[in-house]
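Below: one structure, written as structure tokens.
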Amino acid sequence: MKPHTHMLANLLFHLYQYNRLITRSAIRNVVGKLEGGEVYSPTLRRILRVYHDVDIGLYTHGGCFVPGTIDRHTTIGRYCSFAHGVRSMNANHPMEFKSTHAFFHNPVLGYCSERLAPYVPLSIGNDVWIGACALVLPHVRQIGDGAVIAAGAVVNKDIPPYAVVVGNPARVVRLRFPQAVIDQLLASRWWEKPIEDLDLTEFTKPFLTGAVPLDAEGLVQA
């Protein structure tokens, strides 16, 4: 990054804390253009991490860069793809209280002194693809590396690595690869490498001939 570009991006980062809505959106747009877009921008990631408590890995792109769509206390890995309309909610209205109204658990509204509906940290792995308008509910804590969440899916439990899930509630319909291959991919941790160090011939064609189907009980078929 050129020195003057870095200085301007750093200035915009600090200005972000004093502005809201349209101005903040404009700052994000300018920063993205300065730094090659959301796929590469370190300052966009810094803005999301510092001001919105969402930690996004390098090369990840899509709807997760829209503030408010991904709740606080969320960590997202590298090389992920988020369609627009994806929503994760890391806190719920307390149903055990006399009322579920936000007056009684959200201090922003001025009727209680502390947040009484705590955020549940969410970890989204590397190389995760989440389709349009998928919803991740508050008690989900982990979406594994390589998982695929179909458009419109409602995720109500943790998702294992390389699982493909669909529906409401989301269910695992197959695995992307046999378990032995999944274990090898997880052990390789290929996503820790910069894009320049990857052998693109391994990523620009089918890795195996087919996904692994599950039986009626959700077990991998032999």
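Which condition number does LEU186 fail, the rest of (1) surrounded by 10 or more Cβ atoms within 10 Å (Cβ to Cβ); (2) over 20 Å from GLY125 (Cα atoms); (3) at pLDDT 95 or above being met?
Unmet condition: (2).
Any residue in the range 87-108 that is within 22 Å of TRP191 (Cα to Cα), in contact with a strand residue (DSSP E or B) (Cβ under 9 Å, 6 or more places away or on another chain) and either basic (Lys, Arg) or in contact (Cβ under 8 Å) with a residue 60 or more places away in the chain (or both)? Before the answer, list the steps.
Step one: of the range 87-108, the residues within 22 Å of TRP191 (Cα to Cα) are none.
No: the range 87-108 contains no residue that is within 22 Å of TRP191 (Cα to Cα), in contact with a strand residue (DSSP E or B) (Cβ under 9 Å, 6 or more places away or on another chain) and either basic (Lys, Arg) or in contact (Cβ under 8 Å) with a residue 60 or more places away in the chain (or both).
Only residues that are surrounded by fewer than 17 Cβ atoms within 10 Å (Cβ to Cβ), at pLDDT 95 or above and either charged (D, E, K, R) or farther than 22 Å from PHE65 by Cβ (or both): list them for the range 112-151, please.
Across the range 112-151, the qualifying residue is only ARG141.
Among the residues of the range 17-36, is any at positive phi, without any contact (Cβ under 8 Å) to a residue 60 or more places away in the chain and aliphatic (A, V, I, L, M)? Full working, then the answer.
Within the range 17-36, the first condition is being at positive phi, and the residues that meet it are 21, 36.
After this cut, where a residue has to be without any contact (Cβ under 8 Å) to a residue 60 or more places away in the chain as well, the list is 21, 36.
Next, from what is left, pick out any that are aliphatic (A, V, I, L, M): 21.
Looking through the range 17-36, at least one residue is at positive phi, without any contact (Cβ under 8 Å) to a residue 60 or more places away in the chain and aliphatic (A, V, I, L, M).
Could you check the range 4-18 and list, in sequence order, the residues that are of a type in the set (Phe, Trp, Tyr) and assigned to a helix (DSSP H, G or I)?
To start, the set of residues in the range 4-18 that are of a type in the set (Phe, Trp, Tyr) comprises 13, 16, 18.
Selection gives PHE13, TYR16.
Is it the case that some residue within the range 143-157 is more than 17 Å from TRP191 (Cα to Cα), in contact (Cβ under 8 Å) with a residue 40 or more places away in the chain and outside any loop (DSSP other than H, G, I, E, B)? Spell out the reasoning first.
So in the range 143-157, the residues more than 17 Å from TRP191 (Cα to Cα) come out as 149-157.
Filter again for in contact (Cβ under 8 Å) with a residue 40 or more places away in the chain, leaving 151.
With outside any loop (DSSP other than H, G, I, E, B) added as a condition, the list becomes none.
The answer is no; no qualifying residue exists.
Could you check how many residues of the range 28-52 are polar (S, T, N, Q) and either in the same structural domain as GLY62 (by TED's automatic domain parsing) or assigned to a loop (DSSP other than H, G, I, E, B) (or both)?
Step one: list which residues in the range 28-52 are polar (S, T, N, Q), which gives 29, 41, 43.
Filter once more, keeping what is either in the same structural domain as GLY62 (by TED's automatic domain parsing) or assigned to a loop (DSSP other than H, G, I, E, B) (or both): 41.
Going through the range 28-52 one residue at a time, the tally reaches 1.
Mind checking which residues of the range 58-77 are surrounded by 20 or more Cβ atoms within 10 Å (Cβ to Cβ) and outside any strand (DSSP E or B)?
Those that are surrounded by 20 or more Cβ atoms within 10 Å (Cβ to Cβ) and outside any strand (DSSP E or B): THR60, CYS64, PHE65, ASP71, GLY77.
Restricted to the range 152-171, and to residues that are more than 21 Å from VAL120 (Cβ to Cβ) and of a type outside the set (Phe, Trp, Tyr), which residue is surrounded by the most Cβ atoms within 10 Å (Cβ to Cβ)? Before the answer, list the steps.
Filtering the range 152-171 down to residues more than 21 Å from VAL120 (Cβ to Cβ) leaves 152, 162, 164, 166-167, 171.
Checking the rest, the ones that are also of a type outside the set (Phe, Trp, Tyr) come to 152, 164, 166-167, 171.
Details: GLY152: 15, VAL164: 22, VAL166: 17, GLY167: 13, ARG171: 15.
Per the stated criteria, the residue is VAL164.
The values are calculated or read from the model by the stated rules, or taken from the named source; none is laboratory data. Since the structure is predicted, the reported quantities are computational estimates derived from the model, not experimental observations. Neighbour counts are summed over all protein chains in view; Cβ atoms, including those assigned to glycine, are modelled from backbone coordinates with ideal geometry.
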